[in-house]
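Enquirer: After the C-alpha coordinates below, expect a handful of questions from me.
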Amino acid sequence: SAGLPQTVNAAGTTVTLSPASQTVVWSQNVTITAQVSATTGGGTPNGQVQFYVDNVAAGPLRTLDGQGRATCPTQRSTQNARVGAYSVTATYIPTNSNYAGSPSGPVSLQVNKASVTVDLTRDSGSDTSSQAGEPLIFRADVETSGAATGNVTGGTVLITGGTINATCTLVGGTC
(Lines give C-alpha, C1' and ligand atoms only; values in the text may rest on other atoms or scores of the structure.)
Protein backbone atom coordinates (compact mmCIF):
# COMPACT_ATOMS: atom_id res chain seq x y z
CA SER A 1 0.00 0.00 0.00
CA ALA A 2 1.15 3.51 -0.75
CA GLY A 3 1.92 5.91 2.09
CA LEU A 4 -0.05 9.09 2.42
CA PRO A 5 1.87 12.36 2.64
CA GLN A 6 1.45 14.07 5.97
CA THR A 7 2.48 17.55 7.05
CA VAL A 8 3.36 18.23 10.66
CA ASN A 9 3.17 21.89 11.65
CA ALA A 10 5.10 23.50 14.47
CA ALA A 11 3.11 23.86 17.69
CA GLY A 12 1.94 27.39 18.41
CA THR A 13 3.34 29.22 21.45
CA THR A 14 2.58 32.22 23.65
CA VAL A 15 4.96 34.33 25.71
CA THR A 16 3.65 35.87 28.93
CA LEU A 17 5.73 38.33 30.95
CA SER A 18 5.40 38.82 34.68
CA PRO A 19 4.91 40.94 36.57
CA ALA A 20 2.43 42.75 34.31
CA SER A 21 3.88 46.07 35.46
CA GLN A 22 6.64 47.09 37.80
CA THR A 23 7.58 50.35 39.50
CA VAL A 24 11.13 50.75 40.80
CA VAL A 25 13.38 53.57 41.89
CA TRP A 26 16.51 54.46 39.97
CA SER A 27 19.28 51.85 40.48
CA GLN A 28 16.93 49.21 41.94
CA ASN A 29 17.25 45.73 40.42
CA VAL A 30 14.56 44.61 37.99
CA THR A 31 13.36 41.04 37.50
CA ILE A 32 11.00 40.19 34.66
CA THR A 33 10.18 36.57 33.81
CA ALA A 34 9.01 35.21 30.44
CA GLN A 35 6.84 32.07 30.46
CA VAL A 36 6.68 30.29 27.09
CA SER A 37 3.78 27.85 26.69
CA ALA A 38 2.55 25.65 23.85
CA THR A 39 -0.90 26.66 22.59
CA THR A 40 -1.30 23.61 20.35
CA GLY A 41 0.13 20.14 20.70
CA GLY A 42 1.79 19.61 24.03
CA GLY A 43 5.04 19.54 25.88
CA THR A 44 7.23 22.35 27.11
CA PRO A 45 8.90 24.57 24.51
CA ASN A 46 12.68 24.79 24.53
CA GLY A 47 14.87 27.49 23.11
CA GLN A 48 15.74 31.04 24.05
CA VAL A 49 14.10 34.37 24.79
CA GLN A 50 15.33 37.82 23.85
CA PHE A 51 14.14 40.61 26.15
CA TYR A 52 13.64 44.14 24.78
CA VAL A 53 13.27 47.51 26.48
CA ASP A 54 11.64 50.07 24.20
CA ASN A 55 12.40 47.77 21.22
CA VAL A 56 16.14 47.61 22.01
CA ALA A 57 17.64 44.21 22.97
CA ALA A 58 18.26 44.08 26.74
CA GLY A 59 21.22 41.82 27.32
CA PRO A 60 22.02 38.44 25.77
CA LEU A 61 19.60 35.69 24.78
CA ARG A 62 18.30 33.84 27.85
CA THR A 63 17.82 30.04 27.68
CA LEU A 64 14.48 28.60 28.79
CA ASP A 65 14.56 26.33 31.84
CA GLY A 66 12.74 22.97 32.01
CA GLN A 67 9.44 24.73 32.75
CA GLY A 68 9.66 27.07 29.75
CA ARG A 69 10.77 30.12 31.76
CA ALA A 70 13.55 32.64 31.27
CA THR A 71 14.39 35.59 33.48
CA CYS A 72 15.80 38.94 32.51
CA PRO A 73 19.07 39.03 34.50
CA THR A 74 18.41 40.22 38.06
CA GLN A 75 21.80 41.91 38.22
CA ARG A 76 20.68 44.14 35.39
CA SER A 77 19.71 47.30 37.23
CA THR A 78 18.07 50.53 36.26
CA GLN A 79 21.24 52.45 37.13
CA ASN A 80 21.85 53.27 33.45
CA ALA A 81 18.19 54.07 32.83
CA ARG A 82 16.66 57.51 32.96
CA VAL A 83 13.65 58.23 35.12
CA GLY A 84 10.51 57.51 33.11
CA ALA A 85 8.28 54.84 31.61
CA TYR A 86 9.54 51.91 29.55
CA SER A 87 7.90 49.14 27.54
CA VAL A 88 9.36 45.64 28.04
CA THR A 89 8.73 42.79 25.59
CA ALA A 90 10.27 39.41 24.83
CA THR A 91 10.47 37.15 21.78
CA TYR A 92 10.64 33.35 21.93
CA ILE A 93 13.22 31.82 19.58
CA PRO A 94 12.80 28.03 19.25
CA THR A 95 15.85 25.76 18.91
CA ASN A 96 14.06 23.35 16.57
CA SER A 97 11.02 23.19 14.27
CA ASN A 98 8.72 21.55 16.87
CA TYR A 99 7.55 24.95 18.18
CA ALA A 100 6.84 28.25 16.47
CA GLY A 101 8.48 31.42 17.72
CA SER A 102 6.28 34.16 19.15
CA PRO A 103 6.43 37.63 20.71
CA SER A 104 5.02 38.67 24.07
CA GLY A 105 2.74 41.58 24.67
CA PRO A 106 4.31 44.60 26.37
CA VAL A 107 4.55 45.16 30.12
CA SER A 108 5.30 48.51 31.68
CA LEU A 109 8.32 49.45 33.74
CA GLN A 110 8.26 52.76 35.60
CA VAL A 111 11.60 54.07 36.90
CA ASN A 112 11.16 56.78 39.55
CA LYS A 113 13.67 59.15 41.10
CA ALA A 114 15.66 57.78 44.02
CA SER A 115 15.62 59.47 47.39
CA VAL A 116 18.91 60.75 48.70
CA THR A 117 20.27 61.88 52.04
CA VAL A 118 22.88 64.58 52.39
CA ASP A 119 25.31 64.68 55.29
CA LEU A 120 27.07 68.03 55.47
CA THR A 121 30.04 68.19 57.87
CA ARG A 122 32.85 70.64 58.42
CA ASP A 123 36.08 69.23 57.02
CA SER A 124 38.41 67.98 59.77
CA GLY A 125 41.22 70.13 58.39
CA SER A 126 39.13 73.27 58.76
CA ASP A 127 39.69 75.52 61.75
CA THR A 128 36.80 75.29 64.23
CA SER A 129 36.67 79.06 64.57
CA SER A 130 36.83 81.54 61.77
CA GLN A 131 36.73 85.25 61.22
CA ALA A 132 34.31 87.03 58.96
CA GLY A 133 35.39 86.63 55.35
CA GLU A 134 37.51 83.53 56.00
CA PRO A 135 36.50 80.36 54.17
CA LEU A 136 35.02 77.35 55.93
CA ILE A 137 35.53 73.95 54.33
CA PHE A 138 32.63 71.49 54.35
CA ARG A 139 32.28 67.97 53.08
CA ALA A 140 29.01 66.84 51.50
CA ASP A 141 28.28 63.10 51.48
CA VAL A 142 25.28 62.22 49.32
CA GLU A 143 23.86 58.69 49.50
CA THR A 144 20.86 56.96 48.02
CA SER A 145 18.27 55.86 50.53
CA GLY A 146 15.44 53.35 50.58
CA ALA A 147 15.52 50.72 47.83
CA ALA A 148 18.05 52.59 45.71
CA THR A 149 21.71 51.58 45.62
CA GLY A 150 24.85 52.92 44.01
CA ASN A 151 26.86 56.12 43.97
CA VAL A 152 25.14 59.41 43.37
CA THR A 153 26.72 61.47 40.60
CA GLY A 154 26.16 64.99 39.38
CA GLY A 155 26.44 68.25 41.22
CA THR A 156 25.50 69.66 44.57
CA VAL A 157 24.65 73.26 45.35
CA LEU A 158 24.76 74.73 48.87
CA ILE A 159 22.13 77.44 49.20
CA THR A 160 21.50 79.54 52.31
CA GLY A 161 19.10 82.41 52.49
CA GLY A 162 18.38 82.11 48.76
CA THR A 163 22.03 82.70 47.83
CA ILE A 164 24.21 80.09 46.12
CA ASN A 165 27.23 79.79 48.39
CA ALA A 166 29.07 76.85 46.87
CA THR A 167 28.92 74.26 44.13
CA CYS A 168 30.79 70.98 43.71
CA THR A 169 30.88 67.88 41.54
CA LEU A 170 30.16 64.59 43.25
CA VAL A 171 32.80 61.88 42.93
CA GLY A 172 31.75 58.55 44.44
CA GLY A 173 28.95 60.35 46.28
CA THR A 174 31.26 62.88 47.95
CA CYS A 175 32.40 66.43 47.23
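Enquirer: Got a sec? Which of T7, T39, T33, T16 is modelled with pLDDT of 85 or more and over 25 Å from the mean Cα position of the chain (by Cα)?
Expert: When all the criteria are applied, what remains is T39.
Enquirer: Scan segment 34-60 for residues that are among the aromatic types (F, W, Y) and either in contact (Cβ under 8 Å) with a residue 40 or more places away in the chain or surrounded by fewer than 15 Cβ atoms within 10 Å (Cβ to Cβ) (or both) and report the count.
Expert: 0
Enquirer: Let me ask something else about it. Looking at the structure I just gave you, is A20 closer than 27 Å to K113 by Cα and either without any contact (Cβ under 8 Å) to a residue 24 or more places away in the chain or open to solvent by 60 Å² or more (accessible area, probe 1.4 Å) (or both)?
Expert: So A20 passes the test.
Enquirer: Only one residue in T63, T117, T149, T121 is β-branched (V, I, T), at pLDDT 90 or above and open to solvent by 50 Å² or more (accessible area, probe 1.4 Å), so which one is that?
Expert: It is T63.
Enquirer: Do you know which residues across segment 100-114 are part of a loop (DSSP other than H, G, I, E, B), open to solvent by 40 Å² or more (accessible area, probe 1.4 Å) and touching a Ser or Thr at 6+ places or on another chain (Cβ under 6 Å)?
Expert: P106
The values are calculated or read from the model by the stated rules, or taken from the named source; none is laboratory data. None of these values were measured; they are calculated from a predicted model. No Cβ is skipped: glycine too gets one built from the backbone with ideal geometry, and neighbour counts run over all protein chains shown. These area figures cover heavy atoms from the full protein model, side chains too; ligands, DNA and RNA do not enter into them. Shrake-Rupley method; radii C 1.70, N 1.55, O 1.52, S 1.80 Å.
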